[in-house]
Ligand code: F0G
């Protein structure tokens, strides 16, 4: 096409009004929320970039499929359609629906991970890490060296470090019950993993006889990056690439709230019949009967359609371009981001922008609060609030490797003018970066503290 603008590849059929607030209203709302953006009321948020999870818009075909939902307790036709969609995409033998991704994680780790084990991953997402640690195991992040350098431009910064994985498998032996790889690597900046890297993991897992499980929430975005960036892959469709990625693994957990293009849903899929049977037992205890697993029949139908729509090239081209476009706005405003931009989000480097704040003053949380106060934009802190810990026995608190604010883009939800607006908000905050105060934690729970902790700004 001669036109350069990559347009939203859909037109809008239903609209949801946005609610505008004043700066004074936002100041009040944030204080009442204990300076935790998770505790805010969504009505007080103008552009919600907290997550890309479960917040996308469904297509007219998905809404039509919802009417076909079969709510039979057992053996519903909806499950057959869901089963067929997941089975054709992944090729796995056992397909176990769950209400969302973390339920699949908990059930799988409950069946496979024991106290004292080590679970390698490129980078664990927070619920994945918490579920590994909940079993008494160590969640070990082995992302490749390029992946640890925020500013470096490299095509596959989500790759796992194969040498480090080999060492872990050799040294820890039977203490490694499974190897995880997260596509795309959410906590590492939404960076993709190459097929070559997945083949390398497969070879190591074969050699050490260790199961290889994908955390595949964003399998379609990963496939698009492979199509665009990996030598020899450009002539294959994202769908073909995704199918190969799944067939390199022994199973997967997927939060279908991302590339399932639906508002709720998850799946655990496995080839191992014995492990799948144990997982189904746990599923019945906690999620539901194996043909619905915590979902309504209509959810299963929406997912069956979403899983076929998500690998369409026009959609993926627009999707990935939106994140790149927002990153360019941040760069124009002098705000560094993780490079290159990820598929589902832009990660602002708050550590670099707010260099006057030490990590103990939670610079990423400070930036996230300021974007909200400035323009009602809600992002999420991925820094010391999320990954740090109080120091044991008077030792200093542990801090995160990086201080990032993730601006995640819900799928098919916001338009280019919304993204332009977010760019303006970023620029306004960046212009007064050195005046932004730090924050301290006033109250925190034991697990996943970022969801419910209460904070207070430090006197500047
Ligand atoms: N794995 C990854 C890589 C994720 O990004 C998520 C969720 C999960 C597992 C858990 O799935 O939420 O359905 O239970 N990520 C969301 C996010 C919440 O905002 O990145 P879930």
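Here, each number is a calculation from the coordinates, and none is a lab measurement. Quick caveat: nothing in here was measured; it's all calculated off a predicted structure. Counting neighbours? That spans all protein chains shown, and the Cβs are built from the backbone with ideal geometry, glycine included.
With the simple model of a label 7 Å out from the Cα in the direction of the Cβ, residue 308 to residue 130 spans 3.6 nm. At full extension, residue 231 and residue 68 could sit 54.5 nm farther apart than now, given 0.36 nm per residue minus the alpha carbon distance.
In this label model, residue 389 and residue 166 are separated by 3.0 nm, measuring between points 7 Å along each Cα→Cβ vector. Per residue, the convex hull spanned by the Cα atoms of the range 60-309 measures out at 113 cubic angstrom. Taking every alpha-carbon pair in the range 360-459 and binning the separations at 5 Å intervals from zero gives 2, 12, 20, 23, 17, 12, 8, 3, 1, 0, 0 percent. Residues 72, 53 in ascending order of nearby Cβ atoms (within 10 Å, fewest first): 72, 53. Distances between every pair of Cα atoms in the chain, grouped in 10 Å steps from 0 to the bin holding the largest one, split as 4, 21, 31, 28, 14, 2, 0 percent.
Where does the range 174-270 land on the Kirkwood hydrodynamic radius, alpha-carbon pairs, in angstrom? It is 13.6 Å.
What the Cα atoms of the range 212-328 give is an Rg and a Dmax of 15.9, 49 Å.
Considering helices alone, the calculated mean residue ellipticity of the chain at 222 nm is -12500 deg cm²/dmol, with DSSP H runs of length four and up weighted by -39500 (n - 2.57) and normalised per residue.
Dividing the Cα radius of gyration of the range 1-62 by 2.2 N^0.38 Å, with N the residue count, gives 1.56. Projecting the alpha carbon convex hull of the range 385-438 along each direction and taking the average yields 5.8 nm². Tell me the Kirkwood radius of the range 1-143: reciprocal of the mean inverse pair distance over distinct alpha-carbon atoms, in Å. Evaluated on the range 1-143, it is 20.1 Å.
By other beta-carbon atoms within 10 Å, ranking 71, 61 with the fewest at the front produces 71, 61. Simple spin-label estimate for residue 153 and residue 417 gives 3.2 nm between the two label positions (7 Å along the Cα-to-Cβ direction from each Cα). Separation of the range 16-90 and the range 215-284, taken as the distance between their Cα centroids, equals 21 angstrom. Each of 257, 157, 13 was scored by other Cβ atoms within 10 Å of its Cβ. Arranged with the fewest first, they read 13, 257, 157. Cα convex hull, the range 271-327: 150 Å³ per residue, rounded to a whole number.
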